[in-house]
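Here's the structure, in structure tokens; my notes come after.
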Amino acid sequence: MNVSIIGGGGLVGSCAAFALQAGGIVREIALVDVNQDLVEGQALDLLHGSSLTADQKIYAGGTELVKDSDVIVITAGLRRKPEESRLDLINRNVALFKNILEDVKRVGTKPGAIVFVVSNPVDVLTYLAMKELGLPPQQVIGLGTVLDTTRLRSMLAARLDVPPTQVSTLILGEHGDSMVPIWSAAQIGGLPLEKFPGCNPSLIAEVEKKTRGSGAEVIKKKGGAGFAVGVSIADVVHCIALDQRRILPVSSLQNGAFGLRDVCISVPTVMGRSGVMKHLEIELWPKEQLALTQSGKVLRETVDKVLG
Ligand SMILES: NC(=O)C1=CN([C@@H]2O[C@H](COP(=O)(O)OP(=O)(O)OC[C@H]3O[C@@H](n4cnc5c(N)ncnc54)[C@H](O)[C@@H]3O)[C@@H](O)[C@H]2O)C=CC1
Ligand SMILES: CC(=O)C(=O)O
């Protein structure tokens, strides 16, 4: 498995590369960035630790490297400011992103390669990538609400003093202001969250509020998310590499699940070596379904504006 990261010199791209190195599952990690010195420095720094991690090839170069990749991760792009929404970034990031897609098209991709978008606004840019690259929709995904979901799980675990890996909750919808926590399906160690000792509605509301604001909080305090988004990206790449067929809230083109159509948005998605294998639909609480429908509408309207 050969993975390239376009934007690999930046914070998100380099943290993803480090998480992939620590994971030791993928064989090659290629870092691509317009900032040559920075990306060469990142690759060198990673390479220096490779005798203590796994037998991987790690190197930097230009966009031509993506033609040999099984997964092409795109993290290149501008960061939002703390007071900006992810959708506000659209005006600043679309032109840059279209140039990257042109470059990828020019060098070409391997048959079956998965394009994995992380740059924001991720759902809109995933749709753009799917349209511009002309790849089958199952081969184009976005990180969607994978990061939001791990943030929610981790903060709920800390608040209830339980191991984070025992928390099973999900956020669906937009990676942005209209994200939808699915409390109806939340469990801890197989027990329903609402009956879990110490849990109550005000604790749930507090954790939800913290999760919604956590991206902006990290930007304000350290400039942008790195470690958590890095491990989130690696988790999705490992699921693809090992054909694990796990259910992940990645963003992908919808064709009817939860009433969502012609929009890239996060729903429970079975992910394997071929990319998106299946979208799973369950009955939600009516207010959750309504919020998911609304989230899809927000994204559809933005896509209409961007694509004219
Ligand atoms: N989907 C998600 O959950 C998350 C998405 N993000 C998004 O990821 C993106 C990157 O964030 P950071 O890494 O913090 O920014 P950064 O500024 O640290 O890195 C961006 C990198 O992209 C490179 N770049 C710019 N244009 C390029 C091009 N045409 N080709 C190749 N490389 C290019 C820059 O040289 C820079 O190294 C932002 O859009 C941010 O909003 C960040 C965190 C979470
Ligand atoms: C930047 C961003 O999207 C986040 O940290 O959630």
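The values are calculated or read from the model by the stated rules, or taken from the named source; none is laboratory data. All figures in this text were calculated on a predicted structure; none of them were measured in a lab. We place every Cβ from the backbone using ideal geometry, glycine too, and count neighbours over all the protein chains shown.
Among the residues of segment 119-152, those that are polar (S, T, N, Q) and either at pLDDT below 95 or within 16 Å of ligand 2 (Cβ to nearest atom) (or both) comprise 119, 120, 126, 145, 149, 150.
Within segment 167-189, restricting attention to residues that are farther than 17 Å from residue 247 by Cβ and either among the small types (Gly, Ala, Ser) or more than 16 Å from ligand 1 (Cβ to nearest atom) (or both), which residue is surrounded by the fewest Cβ atoms within 10 Å (Cβ to Cβ)? For segment 167-189, the residue satisfying everything is 189. Scanning segment 192-214 for any residue that is within 16 Å of ligand 1 (Cβ to nearest atom), modelled with pLDDT of 95 or more, among the small types (Gly, Ala, Ser) and surrounded by 14 or more Cβ atoms within 10 Å (Cβ to Cβ) turns up at least one such residue.
Taking the numbered list (1) touching a Ser or Thr at 6+ places or on another chain (Cβ under 6 Å); (2) over 22 Å from residue 276 (Cβ atoms); (3) polar (S, T, N, Q) in turn, residue 126 passes all entries but (2).
Of all residues in segment 118-129, those being in a helix (DSSP H, G or I) and within 15 Å of the chain's Cα centre (by Cα) number 7.
Highlighted here are the strands (runs of 3 or more DSSP E) found entirely within segment 240-286 that include at least 1 residues which are over 21 Å from residue 299 (Cβ atoms): 246-248, 269-272, 275-279. Within segment 1-54, the set of residues being touching a Lys or Arg at 6+ places or on another chain (Cβ under 8 Å) and assigned to a loop (DSSP other than H, G, I, E, B) comprises 1, 27. Name the residues in segment 200-239 that are in contact with a Leu (Cβ under 6 Å, 6 or more places away or on another chain) and not in a helix (DSSP H, G or I), would you? Hits for segment 200-239 are 224, 226.
Answer yes if at least one residue in segment 241-248 is more than 21 Å from residue 80 (Cα to Cα), touching a residue at least 40 places away in the same chain (Cβ under 8 Å) and in contact with an Asp or Glu (Cβ under 8 Å, 6 or more places away or on another chain), and no otherwise. Yes - at least one qualifying residue is present in segment 241-248. Given the conditions (1) near ligand 1 (Cβ under 8 Å from one of its atoms); (2) of a type outside the set (A, V, I, L, M); (3) touching a helix residue (DSSP H, G or I) at 6+ places or on another chain (Cβ under 9 Å); (4) assigned to a helix (DSSP H, G or I), and given that residue 132 satisfies all but one, which numbered condition is not satisfied? Going through the list (1) near ligand 1 (Cβ under 8 Å from one of its atoms); (2) of a type outside the set (A, V, I, L, M); (3) touching a helix residue (DSSP H, G or I) at 6+ places or on another chain (Cβ under 9 Å); (4) assigned to a helix (DSSP H, G or I), residue 132 breaks only (1). Taking every residue in segment 92-117 that is among the polar types (S, T, N, Q) and pairing it with any residue that is at pLDDT below 95 and surrounded by fewer than 23 Cβ atoms within 10 Å (Cβ to Cβ), at least 6 positions away or on another chain, the pairs with Cβ-Cβ distances below 8 Å are 93/78.
Residue-by-condition table, conditions (1) surrounded by fewer than 19 Cβ atoms within 10 Å (Cβ to Cβ); (2) under 16 Å from residue 182 (Cα atoms); (3) touching a residue at least 24 places away in the same chain (Cβ under 8 Å):
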| position | (1), (2), (3) |
| --- | --- |
| 237 | no, no, yes |
| 254 | no, no, yes |
| 266 | no, yes, yes |
| 270 | yes, no, yes |
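Among residues of segment 207-224 that are outside the structural domain of residue 167 (by the TED database) and farther than 18 Å from residue 157 by Cβ, none has a Cβ under 6 angstrom from a residue that is outside any helix (DSSP H, G or I) and more than 10 Å from ligand 2 (Cβ to nearest atom) at a sequence gap of 6+ or on a separate chain.
Looking across segment 4-27, just one residue is free of Cβ contacts under 8 Å to residues at least 40 places away in the same chain and within 13 Å of residue 68 (Cα to Cα), and that is 27. When each of 76, 43, 22, 16 is tested for being touching a Ser or Thr at 6+ places or on another chain (Cβ under 7 Å), under 25 Å from residue 219 (Cα atoms) and away from ligand 1 (no atom under 12 Å from the Cβ), the lone residue that passes is 22. It is to be established whether one or more residues within segment 66-82 are more than 16 Å from ligand 2 (Cβ to nearest atom), surrounded by fewer than 16 Cβ atoms within 10 Å (Cβ to Cβ), assigned by the TED database to the domain that holds residue 102 and not hydroxyl-bearing (Ser, Thr, Tyr). Yes; the residues of segment 66-82 include at least one that is more than 16 Å from ligand 2 (Cβ to nearest atom), surrounded by fewer than 16 Cβ atoms within 10 Å (Cβ to Cβ), assigned by the TED database to the domain that holds residue 102 and not hydroxyl-bearing (Ser, Thr, Tyr). Can you tell me which residues in segment 142-153 are part of a helix (DSSP H, G or I) and touching a residue at least 60 places away in the same chain (Cβ under 8 Å)? Passing the criteria: 146, 147, 148, 149, 150, 151.
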